[in-house]
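Notes follow once the structure below has been shown.
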Amino acid sequence: MNVIAMNEALFHGAVSVEITEDGARPWRIPYREAALFPPDGIGGEAKVPAGVRLSLWSDSTSVQVGFAATENPLSFDCLIDGQFHSTCTAEPGDSVITWSALPGTNKLIEIYLSPKHPVCVQRILLDQDSSFSYFQDTRPRWIAYGSSITQCKAAASPSQTWPALVAQSSDLQLTCLGYSANCHLEPMVARMIRDLPADFISLCLGINVMGQSSLNTRTFKSSVIGLIQVIRERHQGVPLLLMSPIFAPERETADNPVGLNLVKIRQELREAYNILREHGDRHLFYVEGLDIFGESDQERLSDKLHPDAEGYKLIARRVHRLFQDELKLHSLISEGNERI
């Protein structure tokens, strides 16, 4: 077999890659600075490789991925030349998955890692004497920040989260910063987004701020403005989309202990957007979460909060239309790059 050594260049969509004797672990924060992202690296979710994929060119007719066995089942998706091929699921204790009978032509192979559990990749094996080269992704770079609704643990498979589907259909290079039970507008996340390369940024804010009462009517709007202003320190001309929460029936009008509900959260976000636009941010855009997933879609909620697998596909279709038809995203990105 042709053994491919672990290298950071194999990983796309990760913020950093920790390579040790045990293998390579993709992170969605700088892993050396994990202590600066309390608690435990954003609640431990920065270790989970949502949206992260192994990408390479090869004419191999098989691909085997070895990884450290865990107590959890791990699902992996294989895409060939951008098209979904199949899902492989490893049971607890398994450490190898294999795709075979692949086309013998030189092709782009992408292996999407689990959006549910950490993964430590130990090796990639291709056919003996097969070709191999790294994938140089030149598509526009999209950073998507959000909560569990952006991480999408209930997606049908790793490449079928809504950000992954939109990236595939919109020809974007995704870095998913959806952190389950988090997205509390942490200053260190703002600094990280500021420092990452980006051609487009989306921020889906508010659902966990309301659910966990982490900010109130005094601090939420100012925190949104501060988050965006920190990002703008190095991304002045980059199109930035501010998204309010999707529909969640039990959080819409019932106040949390600090007096917020989703109706108020959306109003605060609209006001923050208007303030920033009035102060000259012409590359800032806003979309109502209810236009992406509203009350009429609630049958697709698995627990009155998180969409199910079909719900995430529905969100992906609507966000794709938003990007293409309303924002005309690629034109916006080109315009932004010309102004920088």
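Return the only residue of Ala50, Ala46 being assigned to a loop (DSSP other than H, G, I, E, B), among the hydrophobic types (A, V, I, L, M, F, W, C), modelled with pLDDT of 95 or more and under 17 Å from the mean Cα position of the chain (by Cα).
Step by step, each of Ala50, Ala46 is checked, and only Ala50 is assigned to a loop (DSSP other than H, G, I, E, B), among the hydrophobic types (A, V, I, L, M, F, W, C), modelled with pLDDT of 95 or more and under 17 Å from the mean Cα position of the chain (by Cα).
For the stretch 103-144, give me the residue count where each residue is over 15 Å from Ser55 (Cα atoms) and among the aliphatic types (A, V, I, L, M).
3
Does any residue of the stretch 116-125 turn out to be within 23 Å of Glu45 (Cβ to Cβ) and of a type in the set (Lys, Arg)?
Checking the stretch 116-125: at least one residue is within 23 Å of Glu45 (Cβ to Cβ) and of a type in the set (Lys, Arg).
Just the residues that are in contact (Cβ under 8 Å) with a residue 24 or more places away in the chain and outside any strand (DSSP E or B), please, taken from the stretch 53-72.
Asp59, Ser60, Thr61, Ser62, Ala68, Ala69, Thr70, Asn72
In the stretch 234-260, how many are closer than 21 Å to Tyr286 by Cβ and not polar (S, T, N, Q)?
Result for the stretch 234-260: 15.
On the basis of being closer than 30 Å to Pro245 by Cα, exposed (fewer than 14 other Cβ atoms within 10 Å of the Cβ) and in contact (Cβ under 8 Å) with a residue 60 or more places away in the chain, does Gly146 make the cut?
So Gly146 fails the test.
Of the residues that make up the stretch 216-233, is at least one out of contact with any Ser or Thr (no Cβ under 8 Å at 6 or more places or on another chain), under 14 Å from Gly289 (Cβ atoms) and in a loop (DSSP other than H, G, I, E, B)?
For the stretch 216-233, residues out of contact with any Ser or Thr (no Cβ under 8 Å at 6 or more places or on another chain), under 14 Å from Gly289 (Cβ atoms) and in a loop (DSSP other than H, G, I, E, B): absent.
Kindly indicate whether Glu233 is surrounded by fewer than 16 Cβ atoms within 10 Å (Cβ to Cβ) and assigned by TED's automatic domain parsing to the domain that holds Leu290.
In short, yes.
Matching residues to (1) outside the structural domain of Cys152 (by TED's automatic domain parsing); (2) at pLDDT 95 or above; (3) surrounded by 15 or more Cβ atoms within 10 Å (Cβ to Cβ); (4) within 17 Å of Met6 (Cβ to Cβ):
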{"position": "Ile80", "(1), (2), (3), (4)": "yes, yes, yes, no"}
{"position": "His85", "(1), (2), (3), (4)": "yes, yes, yes, no"}
{"position": "Ala90", "(1), (2), (3), (4)": "yes, yes, yes, no"}
{"position": "Asp94", "(1), (2), (3), (4)": "yes, yes, no, no"}
{"position": "Pro103", "(1), (2), (3), (4)": "yes, yes, no, no"}
{"position": "Lys107", "(1), (2), (3), (4)": "yes, yes, yes, no"}
{"position": "Pro115", "(1), (2), (3), (4)": "yes, yes, yes, no"}
{"position": "Pro118", "(1), (2), (3), (4)": "yes, yes, yes, yes"}
{"position": "Ile124", "(1), (2), (3), (4)": "yes, yes, yes, yes"}
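Among the listed residues Leu196, Leu205, which satisfies the condition of being surrounded by fewer than 22 Cβ atoms within 10 Å (Cβ to Cβ), touching a Ser or Thr at 6+ places or on another chain (Cβ under 8 Å) and aliphatic (A, V, I, L, M)?
Leu196
Can you name the residue in the stretch 14-43 that is more than 19 Å from the chain's Cα centre (by Cα) and among the aliphatic types (A, V, I, L, M) and, of all such residues, is surrounded by the fewest Cβ atoms within 10 Å (Cβ to Cβ)?
Once the filter is applied, the top-ranked residue is Ala35.
Please specify each residue of the stretch 15-50 satisfying the condition of being touching a Pro at 6+ places or on another chain (Cβ under 6 Å) and without any contact (Cβ under 8 Å) to a residue 60 or more places away in the chain.
Of everything in the stretch 15-50, those that are touching a Pro at 6+ places or on another chain (Cβ under 6 Å) and without any contact (Cβ under 8 Å) to a residue 60 or more places away in the chain turn out to be Ser16, Val17.
If we only count strands (runs of 3 or more DSSP E) wholly inside the stretch 107-159, which ones have 3 or more residues that are within 30 Å of Leu203 (Cα to Cα)?
Answer list for the stretch 107-159: 107-112, 141-146.
Go through the stretch 244-340 and tell me which helices (runs of 4 or more DSSP H), entirely inside it, have 2 or more residues that are farther than 23 Å from Arg218 by Cα.
289-292, 309-321, 329-339
Among the numbered conditions (1) farther than 22 Å from Tyr112 by Cα; (2) buried (at least 24 other Cβ atoms within 10 Å of the Cβ), tell me where Ser159 comes up short.
Evaluating Ser159 over (1) farther than 22 Å from Tyr112 by Cα; (2) buried (at least 24 other Cβ atoms within 10 Å of the Cβ) leaves (1) as the failure.
Restricting the search to the stretch 295-309, which residues are closer than 24 Å to Ser169 by Cβ and touching a residue at least 24 places away in the same chain (Cβ under 8 Å)?
Correct list: Asp297, Leu301, Ser302, His306, Pro307, Asp308, Ala309.
The values are calculated or read from the model by the stated rules, or taken from the named source; none is laboratory data. Note that this is a predicted model, so its numbers are computed, not measured. Here Cβ is always computed from backbone atoms with ideal geometry, including for glycine, and neighbour counts include all displayed protein chains.
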